[in-house]
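The structure under discussion appears below in the form of structure tokens.
Read-outs: derived from the displayed coordinates by stated rules, not from any lab. Because the structure is predicted, anything quoted here is derived from the model rather than measured. Cβ placement follows ideal geometry from the backbone for every residue including glycine, while neighbour counts extend to all protein chains displayed.
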Amino acid sequence: MLTQLLPQRRTQRGFSLIELMVGMAIGLVTVLIIAQVALVYEGQKRTTTSGSDAQINGALALQRLQSEIQSAGFGMTSGGTTGCTEIRGRRNNVAYTRTMAPVVITDGGGDAPDSLQILGSASAALALPIRIYGDHQRSDTSFLIDKGTGLGVRKGDLMLAIPTPQIGTTQTTPSWCSLFTVSRDPTTTVLEHKAEAEWPWNQDPTSTIFPGSVDASVSYAASSFLINLGTLLDHRFSIREAAAGSAMRSLRLDSFDSTTGNTTSTDLFGNIVNLQAVYGRDTNGDQQVDTWSATNPTTAAEWAQVIAIRVALVARSDQAEKTNVNAPAPVWHPDGITATPLPVDNVADWQRYRYKVFEVVVPLRNMLWQS
């Protein structure tokens, strides 16, 4: 009877070692699966993000180039048919030389990136060409201009003198266009450019940039003309490589300031790995491109035929994939039809990156309007 009143003891048992090991194995497999899924997801996300970044950088870089090319030659394209193929100047007796063209393509050589030199006026107002009334000799410190044509010109404005070859004159030919600064507000018929310390573009008369072999030489004959640039826009776009063999490349802008004489360099957009460009030339005067060529024109008449620029940019993703994702190099169409490779092998594992090619034809509006 006493035995029945005492509580019965129940045997308590836990997990066995085998059960613990099985549970841990299941947990580890679960963690491994989750980790693999997370890694795959993260890799896909990085690929998508880096590809998106490449497209955004490429689109923005192309938009910047397109905008600059469209406005190239603003305020200075009136000299496109005059026989002047070069701009010369001296700022604080340091030589300044540029080709007299809105856009100049410098071939990088082989498959290396090209660069683009863009010139124009940075003035907010468009000034009409000013006709030179009398011959300007090499040693002169002023121009005679038609009465009342100097409106809008102010002391300190940067001017460009453009020769018009005249039959029967002693004007030096071939000639070039000259940069100088207006040294005081023009009078009715006189525009001065005296060599004074205040005006760094008006160099010492002993080293004048005006054409001619002697002081009495006619550098700019009557009916040549002047253009008021205000300040000069001089931009150069190129591809900068961070270091030899580095995967990092960017679109760089070198901007020359005609007021200070300084050149500033800015990396605009990263992972832009190639830039190629060709000229579109109108050879029959119908204002339509007849031929595409990477060869620079050599005469003013040939430069005047350039009415468009075809540009191709290659943007690269940040993310290097584990396996090759590109076999052939990206392509562009320099003649509008033929697919031409755009090599991007500045790094050995270039095939592990993703690329996007941006190609556009940009009309030179100021050259078309001049026509």
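Computed from the C-beta positions of Ala320 and Val360, the FRET efficiency with R₀ = 45 Å rounds to 0.95. Using only the Cα atoms of the range 282-352, build the gyration tensor, take square roots of its eigenvalues as a ≥ b ≥ c, and label the shape rounded, prolate or oblate: rounded if a/c is under 1.5, else prolate if a/b is larger than b/c, else oblate. The shape class here is prolate. Pairs of Cα atoms in the range 175-236 fall into 5 Å distance bins, from 0 up to the last occupied one, in shares of 4, 14, 22, 28, 22, 8, 2, 0 percent. Each pair of Cα atoms in the range 113-159 enters the Kirkwood radius, and Stokes-Einstein at 37 °C and 0.692 mPa s then converts it into a translational diffusion coefficient of 242 µm²/s. Quarter the surface of the alpha carbon convex hull of the range 204-306 and you get the mean projected area, 11.5 square nanometres. As a calculated quantity, the FRET efficiency between Asp215 and Asn92 at R0 = 25 Å, using C-beta atoms, amounts to about 0.65.
Here the ratio of the Cα radius of gyration of the range 314-369 to 2.2 N^0.38 Å is 1.49. Which shape class, rounded, prolate or oblate, goes with the range 238-371 when its Cα gyration tensor gives a ≥ b ≥ c as root eigenvalues, a/c under 1.5 marks rounded, and past that a/b bigger than b/c marks prolate? Oblate is the answer for the range 238-371, as a/c is 1.5 or above yet b/c matches or exceeds a/b.
Here each label is just a point 7 Å from Cα along the line to Cβ, and for Asn284 and Thr266 those points are 4.3 nm apart.
Amide H to amide H distances under 5 Å link Ala294 with Tyr279, where only residues 5 or more positions off or on other chains count and H is placed in the peptide plane.
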